[in-house]
Each structure stands twice: as structure tokens, then as C-alpha cells.
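Read through the structure below, which is laid out as C-alpha cells, and then see the notes.
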Amino acid sequence: MSKAADSEPLGEIFRRLIGNTGPISLMHYMGEANARYYSSRDPLGEAGDFVTAPEISQMFGELIGLWLADMWINAGREEPVHYVELGPGRGTLAVDALRAARRYGLEPSIHFVEASTALKDIQLANVPGAQWHHDLSTVPMYGPVLIVANEFLDALPVRQLVMTADGWRERMVVPDGAGKDGRFVCVAGSQPMDAAIPEARRQAEVGAIIETCPGAAAVVYEVAGRLKDQGGAALFIDYGHDQLRDGSSLQAVRDHLKVDPFILPGEADLTAHVDFATLAPIAQSRGVRWLGTAAQGRWLRNLGIDARAQALAQIAPEHAAALDLAKDRLVGEGQMGVLFKVMGLAAPGWPGGAGF
Ligand code: SAH
């Protein structure tokens with residue numbers, strides 16, 4: 001779990017960089033912090049920093065696999081077909097989804113897009129047939145793509161603009177004046193940024209923050225382009241909102257607790273809410289169908305998670321209570337059921353997806 005012993009703490013690198021060249025943007029800070037964080041550990045599970053849906057229960061991946069198989073069958077079982085997962089963590093979702101899909105004759109080639117070499121090794125051990133990619137550009141260009149991304153977009157760096165007495169500025173990061181605890185703080189950048197704000201949102205009170213995620217927009221744009229050209233469908237699952245919002249949603253999690261994002265960069269998972277309201281029209285602008293953005297709880301229930309939990313409990317009655325608990329974590333209102341959303345996309349001519 002610990003970081004590589006020989007690597008210089010990222011906070012030191014930031015301090016030197018900022019000392020030499022001035023403040024860095026919050027987006028730069030978050031991007032570097034997460035690159036360090038993910039490349040130096042397996043953060044998932046009870047023993048790690050946070051638990052994701054596929055790590056809670058096999059039912060999550062299985063229902064996704066069934067959804068993909070249903071889409072592919074209704075679209076005419078075209079081959080070759082590719083399963084593509086962005087940020088697959090330990091590969092758990094892929095294992096469960098592909099096992100379920102196989103029962104319906106869907107046996108795609110498997111492609112993982114992953115930046116972390118630490119996680120890549122775990123993924124390839126769990127899914128030996130997978131091919132690994134640094135980004136989408138090397139994923140096959142021919143044949144439908146079935147694309148899944150769970151808790152991937154929330155890890156991509158956000159850009160924040162803050163309203164000051166002098167207008168909109170980018171939020172930048174500098175070491176805390178006294179250097180106390182090695183903490184960093186946000187300051188307003190020196191360049192006017194008003195032109196970067198859509199006219200309708202430009203009037204705001206001092207202190208207002210607008211957060212955007214250029215990386216998420218770029219990924220959805222690229223995925224939609226692949227769907228349009230090759231056929232296929234995509235599911236983006238993440239915590240976030242389907243209405244435009246103001247304010248910072250940046251948070252840091254370490255050892256299952258929220259911590260200060262500006263202490264020990266690279267040692268906690270930095271995430272931000274995914275702005276699904278902005279992402280859906282980006283996909284539509286490429287001629288791809290947006291199937292909907294559903295609350296995770298409702299989507300899993302529509303796909304039959306209750307029946308699946310019952311069936312599993314019948315096979316292994318000793319696990320019935322644990323299965324119920326796991327299901328509640330995935331669909332419960334105060335848990336992942338409402339805050340987490342599922343956004344579905346489909347190529348033109350592909351069927352409307354179940355669950356939305
Ligand atoms: N989908 C998994 C893991 C979620 S954690 C699950 O649900 O359990 C986020 C995943 O995205 C990790 O695999 C992480 O290494 C990967 N990741 C984060 N930023 C990335 C980037 N910029 N490019 C590619 N992968 C990234």
C-alpha cells in the first residue's frame with residue numbers, strides 16, 4: 001500500500017516547481033496528484049482507501065454484462081466486437097460482466113485503458129486475455145465497441161474558475177504562506193478569465209466557483225466518435241449530477257475518510273462530481289444517441305438486481321444477509337443509489353438500452 005520508497009514526495013516537487021515558475025493551476029495539481037496516487041498503489045477495497053461498486057458485489061458487473069449482451073444481440077450480433085473498459089481498477093467489473101455476457105454468446109476481445117502500471121499488473125493477472133492501452137487511440141478501429149467506465153471520469157482533473165473583485169480568474173495552487181504542515185492553498189490566478197465563462201453564467205458573486213472537467217469532455221467526445229464510426233454502446237457510471245451546478249466538488253479520500261485535498265498530494269484519491277449535464281450534449285453533438293442518465297439504484301433495479309440477489313441467496317443461503325447488505329449499498333438512497341448515475345450512449349441504429 002505504501003508509495004515507492006525511492007520517489008520524492010510530490011509536495012516537494014510542487015514546492016520546487018512553484019518556487020521556480022509560479023503558481024500551478026488546480027487542474028495541474030489534481031492531475032499530477034492522481035497520476036502519482038494511482039501509479040503507486042492499489043487503492044481499492046476495505047484494506048485500501050475506497051470501495052467501488054464492482055468490489056461491493058458481483059451483481060454490479062453481472063448486470064452490466066447482461067446489459068451489454070442485450071444491446072449487442074438486439075443490434076444483430078456483429079463480429080468482431082470489443083469490450084473496452086476505461087480505468088478498470090482490479091479488473092473485477094470486467095470479470096463479472098464478461099462471465100455474464102458469455103452465457104449469451106457475447107465473447108468480445110478485451111481492451112483495458114489504464115494509466116497506472118501498478119493496477120495494470122493486477123488487471124492482467126485477473127483478466128489474462130486483456131490487451132492494455134494507454135489511451136483509446138490504439139483500441140481497434142473496426143467492429144462495434146462496448147465501452148464501460150466506472151468511477152473513471154471522477155478521477156480526471158477539474159479546472160476551477162473563481163469570481164474575484166476583478167472578475168473571473170483560474171484557481172491556482174501555492175504552498176501555504178508559513179509552509180505549515182506542508183499544506184497548499186488556492187489563490188486566484190493573475191490572468192483575466194472572463195472570456196472563458198459562458199455569457200449566461202458570467203454574473204456571479206465574489207467567491208463563486210465554476211468547475212469544468214476538460215478531460216471528461218474529451219473522453220466522452222472520443223467515445224461518441226467511436227460509437228458513431230464503429231457501432232456499439234457505452235456506460236459511464238460515476239457520482240455526480242445531471243443538472244448544471246456551481247461550486248467546487250473537489251474532495252480527497254484516504255483510508256475511507258474525507259481528508260484535506262491540499263495536504264500530501266499523491267497520497268489521497270482526488271475526485272470531483274461528474275457533470276453529466278454537460279457530457280450528454282457532447283455525445284449527442286457527434287450524432288450518438290443519449291439513452292439517459294439514470295440514478296444507479298433505479299437503473300440496477302430496472303435491470304433486476306432484486307431477482308439476481310434472490311437467485312444468488314438461494315444458491316448460497318449462508319450469504320443471504322451479506323447479499324442483501326451489498327445490494328443496499330448499491331441501490332440504497334443514502335448510499336450509492338441516488339448520488340451515483342449511469343449515463344448510457346448508443347450508436348445510431350443500435351437499440352435503446354434497458355434500465356433508462
Ligand atoms: N473502475 C474501477 C476503478 C476505479 S478507480 C472500479 O470501479 O473499481 C479509477 C481508475 O481509473 C483506476 O484504474 C485508475 O488507475 C484509472 N485512471 C485514473 N486516471 C486515469 C487516466 N488519466 N487515464 C487512465 N486511467 C486512469
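Contact map, the range 278-293: first residue in contact (Cβ under 8 Å) with a residue 12 or more places away in the chain, second residue assigned to a strand (DSSP E or B) and basic (K, R), Cβ cut-off under 9 Å, separation 6 or more or different chains; pairs are A283/R289; T293/K341. Of the residues making up the range 190-233, just one is under 21 Å from A272 (Cα atoms), open to solvent by less than 60 Å² (accessible area, probe 1.4 Å) and acidic (D, E), namely E211.
The single condition among (1) under 18 Å from the mean Cα position of the chain (by Cα); (2) surrounded by fewer than 19 Cβ atoms within 10 Å (Cβ to Cβ); (3) assigned to a strand (DSSP E or B) that V187 does not satisfy is (1). Note on the range 95-171: enclosed strands (runs of 3 or more DSSP E) holding 3 or more residues that are surrounded by 20 or more Cβ atoms within 10 Å (Cβ to Cβ) are 109-113, 145-150, 159-164.
Restrict the check to the range 264-281 and report whether at least one residue is open to solvent by 80 Å² or more (accessible area, probe 1.4 Å) and within 24 Å of V206 (Cβ to Cβ). The answer is no, given that none of the residues of the range 264-281 is open to solvent by 80 Å² or more (accessible area, probe 1.4 Å) and within 24 Å of V206 (Cβ to Cβ).
Scanning the range 76-93 for residues that are away from the ligand (no atom under 13 Å from the Cβ) and touching a strand residue (DSSP E or B) at 6+ places or on another chain (Cβ under 8 Å) yields a total of 4.
Filtering the range 234-258 to residues that are open to solvent by 20 Å² or more (accessible area, probe 1.4 Å), closer than 25 Å to I64 by Cα and among the aliphatic types (A, V, I, L, M) leaves nothing. For the range 16-65, filtering for residues that are of a type in the set (D, E, K, R), more than 9 Å from the ligand (Cβ to nearest atom), touching a Gly at 6+ places or on another chain (Cβ under 9 Å) and in a helix (DSSP H, G or I) leaves 2.
Table: residues versus (1) more than 19 Å from the chain's Cα centre (by Cα); (2) closer than 13 Å to P43 by Cβ.
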residue: L250; (1), (2): no, no
residue: H256; (1), (2): no, yes
residue: I263; (1), (2): yes, no
residue: G266; (1), (2): no, yes
residue: A272; (1), (2): no, no
residue: A277; (1), (2): no, no
residue: A283; (1), (2): no, no
residue: R289; (1), (2): yes, no
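In this entry, G297 passes the filter for residues that are under 30 Å from I210 (Cβ atoms), in a helix (DSSP H, G or I) and touching a helix residue (DSSP H, G or I) at 6+ places or on another chain (Cβ under 7 Å).
Scoring G76 on the criteria (1) open to solvent by less than 20 Å² (accessible area, probe 1.4 Å); (2) on the phi > 0 side of the Ramachandran plot leaves a single failure, condition (1). At least 1 residues being modelled with pLDDT of 95 or more and basic (K, R) is the threshold, and among the strands (runs of 3 or more DSSP E) wholly inside the range 198-261 those reaching it are 251-254, 257-259.
The values are calculated or read from the model by the stated rules, or taken from the named source; none is laboratory data. Bear in mind that the values here come from a model prediction, so they are computed numbers and not experimental data. Because the Cβ atoms are built from the backbone with ideal geometry, glycine has one as well, and the counts that use them run over all protein chains shown. Side chains are part of the model used for accessible areas, which takes the heavy atoms of the whole protein and leaves out ligands, DNA and RNA. Shrake-Rupley method; radii C 1.70, N 1.55, O 1.52, S 1.80 Å.
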